Amino acid sequence: QRIAAATDYDTVGFPVYLAFDGSDDSLYTSSIDFSATDKMTVFAGATKLSDAAIGMIASFGATSSGTWELLAPRAAGGSQPYSFAQRTNVAQEAIPVFGVGPAPDTAVFTGTADIGAPLVTLRRNGVEVASNSGALTAANFGTYVLTLGQRTGGSLPLNGRLYSLIVRGATTSAALIQQAERWVAGKQGRAL
């Protein structure tokens, strides 16, 4: 890649990403109000570089009611490679139970959450890899900070890259999910 200066470099063929070192990097927003909805769709293009420690791609709130989080990996050692979770009274997680995606792994993730159903699902590269329909107390999502690269509050740092993130406080149709997944994959420089 040609780099002439901090503001003059090649981007064609070199996808832009946020790099997280697994120790102390994160970015966060001001509080976002999702209190009017109990549905969420999250798209992320990410690479996890290690399975040695639990890593957080994105976290909306921490572990309070009305939060969600996307992890890579969910368990140290890679036995649970990914997870998408929503919370009200308890955590409801979609965790793949097979060894898909050991590090290093670049993938497109789609997490869907419906507290009212209740149902949470996780897709990887356009294929559903996990779902959970356990009972939750009826509630909506809350008003929290969105944190990238760590859990909100400063734990579980990601060792990896984030190419794109789309958060939508609504149900998303299958056709729009597929379209968004292709767009996210394009930001990683690949096709789905």
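The values are calculated or read from the model by the stated rules, or taken from the named source; none is laboratory data. Just so it is clear, the model here is predicted, and its values are computed rather than measured. Reconstructed Cβ throughout: ideal geometry from the backbone, glycine too, with neighbour counts over all protein chains shown. These area figures cover heavy atoms from the full protein model, side chains too; ligands, DNA and RNA do not enter into them. Shrake-Rupley method; radii C 1.70, N 1.55, O 1.52, S 1.80 Å.
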Task: Rg/Rg_ref, the range 45-148, where Rg_ref = 2.2 N^0.38 Å and atoms are Cα - done: 1.01
Open item on the list: Rounding to the nearest 10 and keeping the result within 0 to 90°, find how far the Cα-based axis of helix 174-187 lies from the longest principal axis of the chain.
Closed with: 30
- [ ] Quick one: which residues, 5+ away or cross-chain, put their amide H under 5 Å from the amide H of T37? H built at 1.01 Å from N.
- [x] F141
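Give me the extension gain from T7 to V100: residue separation times 0.36 nm, minus the current Cα-Cα distance, reported in nm with one decimal. Intermediate values should be presented prior to the final figure.
Details: separation 93, 0.36 × 93 = 33.48 nm, distance 3.76 nm.
29.7 nm is the gain from fully extending T7 to V100.
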TODO: Calculate what fraction, in whole %, of the accessible area of the range 46-147 sits on carbon and sulfur atoms when a 1.4 Å probe is rolled over the protein chains.
DONE: 54
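Using 0.36 nm per residue of separation minus the Cα-Cα distance, give me the extension gain between V127 and A19 in nm, one decimal. Working shown, then result.
On the way: separation 108, 0.36 × 108 = 38.88 nm, distance 2.56 nm.
Taking 0.36 nm per residue and subtracting the Cα distance, the gain is 36.3 nm.
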TODO: Quote the accessible area belonging to E181 in square angstrom, nearest 10, computed with a 1.4 Å probe and with ligands, DNA and RNA left uncounted.
DONE: 0
Task: Projected label distance in nm at N89 and K187, using a 7 Å step from Cα toward the beta-carbon - done: 3.6
TODO: Stick to the Cα atoms of the chain, pair each with every other, and give me the Kirkwood hydrodynamic radius in Å at one decimal.
DONE: 16.6
Open item on the list: For Q80, what residues show an amide H to amide H distance below 5 Å, using hydrogens built from the backbone and excluding near sequence neighbours?
Closed with: R74, A75
TODO: Under 15 Å from the Cβ of I177, count the other residues' Cβ atoms, weight Lys and Arg +1, Asp and Glu -1, and hand me the total.
DONE: +2
